[in-house]
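Have a look at this one before I ask anything.
Every number here is computed from the coordinates shown, using simple stated rules; none is lab data. Predicted model, so just to flag it, every value in this text is computed and none were measured. Virtual Cβ from ideal backbone geometry, glycine too; neighbours counted across all protein chains shown.
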Amino acid sequence: MVEAKEILDYLKYSEEERQEYERYKESLHYQASMYETNYIGAKIEGKKERTLEIAKNLLKMGLTIESIVIATNLTADEIEKLDVIKI
């Protein structure tokens, strides 16, 4: 019922009002897309940082790079770049 009212209201708009309404809808869509992109990007970055912290801890514990590669799915190069002082 609400959708039907929105359609009827839209049909009553002048051409200028319709164009403004379409720009408004595009703006909302763009904002939602940007929010989702930033949210997902931040979530992925947070997981990567956590994985790197785990790898650092495993290095401190004396595990081999090969073992850490298996445990974290990081590359050997990524692990070797970590600045860690062993315990």
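What order do you get for LEU82, LEU58 when you list them from fewest to most C-beta neighbours inside 10 Å?
So the residues, fewest neighbours to most, are LEU82, LEU58.
Continuing with the same structure: Once you charge only the Cβ atoms, +1 for Lys and Arg and -1 for Asp and Glu, what is the size of the charge dipole of the chain about its Cα centre, to the nearest 20 debye?
In total the dipole reaches around 640 debye.
Sticking with this one: Between beta-carbons, use under 15 Å as the cut-off and find the net charge around ILE7, counting Lys and Arg +1, Asp and Glu -1.
The answer is -1.
Normalise the Cα radius of gyration of region 2-80 by 2.2 N^0.38 Å (N = residues in it) and let me know the number.
Working it through for region 2-80, the quotient is 2.16.
Right, something else. So for the chain, taking the charge dipole from beta-carbon charges (+1 Lys/Arg, -1 Asp/Glu), which of MET1, ALA42, ALA32 sits furthest toward the positive end?
Checking the options against the dipole of the chain, the answer is ALA42.
If we count other beta carbons within 10 Å of each Cβ, what is the order of VAL69, VAL2, fewest first?
VAL2, VAL69
Starting from the 7 Å offset along Cα-to-Cβ, what nm value, one decimal, do you get for the label separation of ALA71 and GLU15?
6.9 nm
Checking the cross-link filter: which lysines have an alpha carbon closer than 19 Å to that of LYS56, excluding same-chain neighbours under 8 positions apart?
Those lysines meeting the cut-off are LYS47, LYS48, LYS81, LYS86.
I need the calculated FRET efficiency for the pair LEU63 and HIS29, taking r as the beta carbon distance and R₀ as 41 Å, to the nearest 0.05.
E(calc), rounded to 0.05, equals 0.30.
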